[in-house]
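Asks: If you scroll down you'll find the structure; I have some questions about it.
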Amino acid sequence: MEAQLETATIQDEGHHHSEPFITKYLFSQDHKMIAKQFLITGTIMAFVGMIMSLLFRLQLAWPGESFGILNFFLGDKWAPEGVLDPNMYLALVTIHGTIMVFFLLTAGLSGTFANLLIPLQIGARDMASGLINMLSYWFFFLSSVIMIMSLYVEAGPASAGWTIYPPLSALPKAIPGSGTGMTLWLVSMSLFIVSSLLGGLNYIVTIINLRTKGMKMTRLPLSIWALFVTAILGVLSFPVLLSAVLLLVFDRTFGTSFYLSDIYIAGEALDSTGGSPLLFQHLFWFLGHPEVYIILLPSLGITSEVISTNSRKPIFGYRAMIGSILAIGFLSFIVWAHHMYITGMNPFLGAVFTFTTLLIAIPSAVKVFNYITTLWRGSIRFTPAMIFAIGMVSTFITGGVTGIILADAALDINLHDTYFVVAHFHIVMGLSAVLAMFAGVYHWYPKMFGRLLNKKLGYLHFWLTFVSAYGVFFPQHFQGLAGVPRRYYSWTEYPLFADFADLSILITIAAILGGLAQFIFLYNFIYSMYRGQKSPQNPWQSNTLEWTTPVKHIHGNWPGELPTVHRWPYDYSKPGKDQDFVPQTVPLEEGESDGESGH
Amino acid sequence: MNILLAVVVVLGIITLTQLIRVFELTKSLNGTKDNEVTDKENNGIANGFMLYLIGLFSFFIWLVWAYGPFLLPEAASVHGEKIDLLMNFNWAIIITSFAITHILLFYFAFKYKRTKGVKADFVTHNAKLELVWTTVPAIVLAIVIIYGISTWNDIMTDEPEDALTIELFAKQFDWTARYAGEDGVLGKSNYRLISGTNPMGLVTLETIVEKLAELEKKKAKLELKLSNAEPNGTIAENTEEKIRKIDKHFAKVFAYQKEMEMDSNLFLTGHDDIPVKVEFHLPVNKPVKFFIRSRDVLHSVYMPHFRAQMNAVPGMLTSFYFTPNKTTDEMRNITKNPEFDYLLLCNKICGAAHYNMQMNIIVESEEKYNAWLKEQPTFFAEEARVDKELKEIVASN
């Protein structure tokens, strides 16, 4: 009875399309619209971050050369006569990192796919709280606007690195970017954290409470499992970053000394004593390391879905995959100090964190083996999403194995803060997540916009991206092994590094190529929104629930009753079936077993 | 360069638009659907992955061949050799697993591409296989962990008692190395004593007295300014604030002086200290313990050839010890580079000139080292010289 009533109201809403622009597109509480808002805002931020990286790559390849384009973007103050200013270089590096880590790969990734997939894949009408969901987006939007605004501050944006270690970030006299620019950074990040917490709580509550009938936890798609653990990580770790940020605000504004001690700057001995810069690092990385998995887990979740669907084969080791996600989630909380081996922390802790960090390699290896085995004896269909997902597995391996070196405290001594680290985290976290995000966009674009992305452009986009990605980051390992430090404005002062000048040029050219490739995607993204081929209801012959909803979005997702789930989501190529897929809504036949035990 | 870049960009854009047009045209001609993959495309991509695999491995081999010779030479310190061994051990494991997994990944993608009439195998899991690939990495990692941690503990403990002590002092944007001088003890330092003539804030009776005099002078100037300023105006307020700060500073230094006077030896240990800039020397085969300080922001002492790194943290004394075991001349032979020099770099972002905050290190025989050290002026002599120069400048004005 209740269900019928609900159905009636839903249908009612479905038929009326007179909703005003402002509640339909701007202050929408519909999770599908909010997902699109996150995706589009995240994409805009990503382009800002990417262009910044291209600008500073120009300086790194051709130090001191004049480029009209630098002057065009940065003006006479920061690129006089087209030569990049060292302070601006640091600012670009800082904001590039901040945008990519937080705005693209945290909010852009989780915000898009958690919002889109959670209600659709668990069979819910919407998120537990539409209002909180909407607020989550608008806090994110505000935070993005403030971050962009900080680029226009007179003394320049924050430039103490994306990790904003004090005292550099606390003392405007140490670097101009630590003035108003840093204030805006801190305000922006505080709002960002609020957004992330609102979103995360909502995701957790929704997954726990709003699963449709028959959707047991052991029948959830791995994407949902990943997003679930991600949300828990975020809710537990982001508040710690907020406290770190607030204490920094106190130090900057109210004269406290949480992080400051015995400092003499610009001809003045500050009165602060007793604070410790290491405290900030502990607080920062207590978020910072789970943050890596806040980025990676959704990526792995998306990859699992895409690989299984397009291999027409169940994901191998479903339970082991869930176990790995949980293990990675747990371990991510006890490894943070591997960023701090040589900061003056007690060496005993170095040994402890080497141990815990290396443990993460085990569940990660299990995941990789499971992906590879899912391909084994599959019937692989290379949709654009699928090739991005395979690319993601490749970068996850390449970046992951160098993690074994960096986790080793003894080896980190010589590699800490060199280009080896830059290569490592860009490949394992940056590339993997970006490739997975592309996989997700190509796969679920029809669900978001009702149209398909152009396939050929997708292929072109992939190959250019994949070639340039390795072209940029693979050589950086070698620079790192030669001892080239990161965040250096130029290396011309060092005869030691002169031999790597050519390699820097190669890297920059690959980066420009990769950058251009993204404009293909952008073109495809916008063009297909209006003129792409219309998508059928289930374009990839997938089992999960989102493909049982109508192509045209309606409030409440399903026009009639909510679907009932009868099986796990990976019944691809199940023997004895006519089709090579069995949607989750199809009841089990007599004697048919479900899940991993199904044969 | 600009023109070249512009040409590349313009050409890129033209190619893109042309490609897009070609795609659009072919698509409308043969009527393929964007959610379906033709066999031709599918096989093309499968081949593409195999090609990519070969390309990626070739790229790796080329990089090793072309840039391998420019990587850091063998370690120039005792513990560094242990690190290099550990590193090579790790490389063996990593390159093996990278190669195997990549070959499997791309080969499976190639081999199991969709083929007409072949259905995918419905394999959900395999307990035995999964047990194997959880246990094998676990065992390998156990070895990596044990080897790694024991090396780390080796490096961080076992400090010899007779190590030579040197302080590395960081500020934006240069380094100072301070030797203990004849008494073998590094003098105390206090950041409140830092001034133009005493950039490291060394504690001697003279530096304290000078600092107190300097503060008094500053205060007198400010008081004069205050008496001329409009009462209760912003200038007066700011000046009062500055005076308060100076009073506080004065009180702290004064209290410190009283504290030091309890043991007058403390005043003397700094006199014979030897601060050097630009280049510092180390005796070969003798353990050196570095005490590392910073006076403003984080810096990091990075000496890549010795496999040594430690952050310089304001308000905190950090340290690192190692034994250099190859002289600069030996290393010049090894690298076949007559201009080779050991370097100290800053490796923690510290501001605009972070990229050029370096120092040369010369490792030489103990005799040469002692001869060099003898020529370096002590802090006391240096301060007196600078002081005299300043006085001369004042007098000539």
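Every number in this text was worked out from the coordinates using simple rules, so none of it is lab data. This structure is a prediction, so every number in the text was calculated from the model and none was measured. Glycine also receives a Cβ, built like all others from the backbone with ideal geometry; neighbour counts cover every protein chain displayed.
Asks: Would you list, by chain and number, the lysines whose Cα falls below 16 Å from the Cα of B:Lys258, excluding same-chain residues fewer than 8 positions away?
Replies: By straight Cα distance, B:Lys258 reaches B:Lys188, B:Lys211, B:Lys248.
Asks: Additional query: D for the range A:538-599, whole µm²/s, Stokes-Einstein with Kirkwood Rh over alpha-carbon pairs at 25 °C and 0.890 mPa s: what number?
Replies: Details: Rh = 12.6 Å.
In µm²/s, the coefficient rounds to 194.
Asks: In addition: What trypsin sites (Lys or Arg not before Pro) does the range B:267-342 have in DSSP loop regions with at most 13 other beta carbons within 10 Å? Walk me through the numbers before you get to the answer.
Replies: Working: sites: B:Lys277, B:Lys289, B:Arg293, B:Arg295, B:Arg307, B:Lys326, B:Arg332, B:Lys336; in loops: B:Lys277, B:Arg295, B:Arg307, B:Lys326, B:Lys336.
Counting only loop positions with at most 13 other Cβ atoms within 10 Å, the trypsin sites (Lys or Arg not before Pro) in the range B:267-342 are B:Lys277, B:Lys336.
Asks: Considering only DSSP beta bridges where both residues belong to chain B, give the percentage that are antiparallel (nearest 5). Could you put the intermediate results ahead of the total?
Replies: Details: 28 of 40 bridges.
Among the beta bridges of chain B, antiparallel pairing accounts for roughly 70 percent.
Asks: How many angstrom lie between the C-alpha centres of the range A:472-502 and the range B:253-278?
Replies: 42 Å
Asks: Ok, one more. Hey, what do the phi angles of the range A:41-48 turn into as Karplus ³J(HN,Hα) couplings, whole Hz, using 6.51/-1.76/1.60 and θ = phi - 60°, x for Gly and Pro?
Replies: Computed from phi, the couplings for the range A:41-48 are 4, x, 5, 4, 4, 4, 5, 4 Hz.
Asks: Further question on the same structure: If you take every residue apart from A:Lys173 with its C-beta less than 11 Å away from the C-beta of A:Lys173, what net charge results, scoring Lys and Arg +1 and Asp and Glu -1? Please list the in-between numbers first.
Replies: Working: positive: none; negative: A:Glu268, B:Asp296.
Computed value for this residue: -2.
Asks: May I pose another question? Give the distance, in whole Å, between the Cα centre of the range A:239-280 and the Cα centre of the range A:221-238.
Replies: 32 Å
Asks: Return the lysines within reach of B:Lys326: Cα separation strictly under 25 angstrom, same-chain partners fewer than 8 residues apart disregarded; answer none if there are no such residues.
Replies: B:Lys82, B:Lys277, B:Lys286, B:Lys289, B:Lys336, B:Lys368, B:Lys374
Asks: Where Lys and Arg each count +1 and Asp and Glu each count -1, what net charge lies around A:Gly97 among other residues with Cβ under 13 Å from its Cβ?
Replies: Combined, the nearby Lys, Arg, Asp and Glu give +1.
Asks: Would you mind telling me which residue in B:Ser58, B:Ser195, B:Ser227 has the biggest mean-square fluctuation in a Gaussian network model of chain B, where springs connect alpha carbons within a distance under 10 angstrom?
Replies: Result: B:Ser227 has the largest fluctuation of those listed.
Asks: Using Cβ counts within 10 Å as a stand-in for footprinting exposure, how do B:Asp247, A:Asp408, A:Asp85, B:Asp273 rank, fewest first? Walk me through the numbers before you get to the answer.
Replies: Details: B:Asp247 12, A:Asp408 29, A:Asp85 19, B:Asp273 24.
Neighbour counts put them in this order, fewest first: B:Asp247, A:Asp85, B:Asp273, A:Asp408.
Asks: Continuing with the same structure: May I ask you to work out the translational diffusion coefficient for chain B at 25 °C, viscosity 0.890 mPa s, via Stokes-Einstein with Rh from the Kirkwood sum over Cα pairs, reported in whole µm²/s? Walk me through the numbers on the way to the answer.
Replies: Working: Rh = 27.9 Å.
Calculated translational D: 88 µm²/s.
Asks: Report, to one decimal in Å, the Kirkwood hydrodynamic radius for the range B:190-268 based on all distinct Cα pairs. The partial results should precede the final answer.
Replies: Values: mean 1/r = 0.0734 Å⁻¹.
Here the Kirkwood hydrodynamic radius works out to 13.6 Å.
Asks: With a cap of 16 neighbouring Cβ atoms within 10 Å, and only residues DSSP puts in a loop, list the chymotrypsin sites (Phe, Trp or Tyr not before Pro) found in the range A:196-282. Numbers along the way, then the final one.
Replies: Working: sites: A:Tyr203, A:Trp225, A:Phe228, A:Phe250, A:Phe254, A:Phe258, A:Tyr259, A:Tyr264, A:Phe280; in loops: A:Phe254, A:Phe258, A:Tyr259.
When the chymotrypsin sites (Phe, Trp or Tyr not before Pro) of the range A:196-282 are filtered for loop state and at most 16 Cβ neighbours within 10 Å, A:Phe254 remain.
Asks: Which of the aspartates and glutamates could a cross-linker bridge to A:Lys456, judged by Cα under 15 Å and excluding same-chain residues fewer than eight apart?
Replies: Straight-distance partners of A:Lys456: B:Glu24, B:Asp34, B:Glu36, B:Asp39, B:Glu41.
Asks: In whole Å, what are the Cα extents of the range A:22-263 along the three principal axes, biggest one first?
Replies: Result for the range A:22-263: principal-axis Cα extents of 64, 43, 34 Å.
Asks: Looking at the range B:33-115, which GluC sites (Glu not before Pro) are in a loop (DSSP not H, G, I, E or B) and have at most 12 other Cβ atoms within 10 Å? Show your work: numbers first, answer last.
Replies: Working: sites: B:Glu36, B:Glu41, B:Glu74, B:Glu81; in loops: B:Glu36, B:Glu74.
Sites meeting the loop and neighbour criteria: B:Glu74.
Asks: Now for a separate question. Taking the alpha-carbon centroid of each part, what is the distance from the range A:98-155 to the range B:143-206 in angstrom?
Replies: Spelled out, the Cα-based centre of one part sits 47 Å from the other.
Asks: Write down the percent of antiparallel bridges among all DSSP beta bridges whose residues are both part of the protein assembly as shown, to the nearest 5.
Replies: Numbers: 33 of 46 bridges.
Bridges in the protein assembly as shown are about 70 percent antiparallel.
Asks: Which value in deg cm²/dmol, rounded to the nearest 500, describes the helix-derived mean residue ellipticity at 222 nm for the protein assembly as shown, given -39,500 (n - 2.57) per DSSP H run of n ≥ 4 and division by the residue count?
Replies: Result for the protein assembly as shown: -19500 deg cm²/dmol, rounded to the nearest 500.
Asks: Further question on the same structure: Using every alpha carbon pair in chain A, what percent of pairs falls into each 10 Å bin from 0 up to the bin containing the largest distance?
Replies: P(r) for chain A, in whole percents per bin: 3, 16, 27, 27, 16, 7, 2, 0, 0.
Asks: Next up: Determine the sum of side-chain charges near B:Asp247: Lys and Arg each +1, Asp and Glu each -1, restricted to other residues whose C-beta is under 15 angstrom from that of B:Asp247. Walk me through the numbers on the way to the answer.
Replies: On the way: positive: B:Arg192, B:Lys211, B:Lys217, B:Lys218, B:Lys219, B:Lys221, B:Lys242, B:Arg244, B:Lys245, B:Lys248, B:Lys252; negative: A:Glu268, A:Asp271, B:Glu214, B:Glu216, B:Glu223, B:Glu240, B:Glu241.
Here the count lands on +4.
Asks: Residue farthest toward the positive end of the dipole of chain A, with Cβ of Lys/Arg at +1 and Asp/Glu at -1: which of A:Tyr445, A:Leu104, A:Ile224?
Replies: A:Tyr445
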